[in-house]
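First comes the structure, then the notes that go with it.
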Amino acid sequence: EDQVTQSPEALRLQEGESSSLNCSYTVSGLRGLFWYRQDPGKGPEFLFTLYSAGEEKEKERLKATLTKKESFLHITAPKPEDSATYLCAVQLYNTDKLIFGTGTRLQVFP
Amino acid sequence: ETGVTQTPRHLVMGMTNKKSLKCEQHLGHNAMYWYKQSAKKPLELMFVYSLEERVENNSVPSRFSPECPNSSHLFLHLHTLQPEDSALYLCASSQGGKGEKLFFGSGTQLSVL
């Protein structure tokens, strides 16, 4: 069964304390892996797409990486404005279906 | 306005009511989606329209009825809902109908009493 699992469910960081969020997947075939950010009361906002193992993408304090089994979203020296829920989604190769994880709720304290 | 706008932002309805959710995209995209987001559950795809034609219906109960009159507008008509239908309903659009790089609206928070 195709599955996407995100961990941890919630993460509390001090401002400046770097960490990583994990998205592990078990799917029949990967077309792409997406990261989204969702603020309270808003819809998800697209961050990155990764297509193949070894690929990396960066945006400000965020860096996304991909292996054959999982993706990491590394947050370097986070700030309070990075607080949000981060969602991972995997697109299946044969059907183009998107499977979302349940997200990691990140809180960064000053 | 830019992006994807949804109205209303909040909706409370009884189980016998009929209401509609509205979504409008100003991005020139040709595909639109309805998603359901419940607490601690993954986003669930409900419907996909590509070039105004419904291309996916994910076993959604008939009490949810989508309508896509043109490539910029999408509606979700609701009738005789159940309390378990309470959730955040998100509209999204993309260029192409395959779910890549979705642009979401802010959603309608629905409560069914």
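The values are calculated or read from the model by the stated rules, or taken from the named source; none is laboratory data. Owing to the predicted nature of the structure, the values given are computational and were not obtained by experimental measurement. Note: ideal-geometry Cβ built from the backbone for every residue, glycine included; neighbour counts use all protein chains shown.
Observations
- Identity of the residue in the range B:102-113, at the interface with another protein chain (Cβ under 10 Å from one of its Cβ atoms) and crowded, with 17+ Cβ neighbours inside 10 Å, that ends up nearest to A:Leu33 (Cα to Cα): B:Leu102
- Taken over the range A:68-100, the criterion of being of a type outside the set (A, V, I, L, M) and under 10 Å from A:Leu33 (Cβ atoms) is satisfied by A:Glu70, A:Ser71, A:Cys88, A:Gln91.
- Filter pass, B:Lys101 being in contact with a strand residue (DSSP E or B) (Cβ under 7 Å, 6 or more places away or on another chain), of a type in the set (Lys, Arg), under 20 Å from A:Lys97 (Cβ atoms) and assigned to a strand (DSSP E or B): no
- Pairs linking a residue in the range B:22-48 that is on the phi > 0 side of the Ramachandran plot and assigned to a loop (DSSP other than H, G, I, E, B) to a residue that is surrounded by fewer than 21 Cβ atoms within 10 Å (Cβ to Cβ) and at pLDDT 95 or above, with Cβ atoms under 7 Å and 6 or more positions apart or on different chains, are B:Lys40/A:Thr102.
- All positions within the range B:45-82 that are surrounded by 15 or more Cβ atoms within 10 Å (Cβ to Cβ) and within 14 Å of chain A (Cβ to nearest Cβ): B:Leu45, B:Met46, B:Phe47, B:Val48, B:Ser50, B:Glu56, B:Leu74
- Failed criterion for B:His73 (all others in (1) within 21 Å of B:Thr2 (Cα to Cα); (2) at pLDDT below 95 hold): (2)
- Number of residues in the range B:81-113 that are in contact with a Lys or Arg (Cβ under 8 Å, 6 or more places away or on another chain), at pLDDT below 95 and closer than 29 Å to A:Tyr93 by Cα equals 3.
- Residue count for the range A:97-110 satisfying the condition of being in a strand (DSSP E or B) and either within 14 Å of another protein chain (Cβ to nearest Cβ) or surrounded by fewer than 17 Cβ atoms within 10 Å (Cβ to Cβ) (or both): 7.
- Among the residues here, B:Leu78 qualifies as modelled with pLDDT of 95 or more and farther than 30 Å from A:Ser7 by Cβ.
- Close Cβ contacts (under 9 Å, 6 or more residues apart or on different chains) running from residues in the range A:1-23 that are within 14 Å of chain B (Cβ to nearest Cβ) and over 12 Å from A:Thr104 (Cβ atoms) to residues that are of a type in the set (Gly, Ala, Ser) and exposed (fewer than 13 other Cβ atoms within 10 Å of the Cβ) comprise A:Asp2/A:Ser28.
- Within the range A:73-96, being within 13 Å of another protein chain (Cβ to nearest Cβ), touching a residue at least 24 places away in the same chain (Cβ under 8 Å) and not in a strand (DSSP E or B) holds for A:Tyr93, A:Asn94, A:Asp96.
- Meets criteria (surrounded by 19 or more Cβ atoms within 10 Å (Cβ to Cβ), in contact with a strand residue (DSSP E or B) (Cβ under 9 Å, 6 or more places away or on another chain) and away from chain B (no Cβ under 11 Å)) for A:Tyr36: no
- Just one of the listed residues (B:Glu56, B:Glu84) is within 14 Å of the chain's Cα centre (by Cα) and either acidic (Asp, Glu) or in a loop (DSSP other than H, G, I, E, B) (or both), and it is B:Glu56.
- Of all residues in the range B:1-21, those being under 14 Å from B:Lys101 (Cβ atoms) and outside any loop (DSSP other than H, G, I, E, B) number 1.
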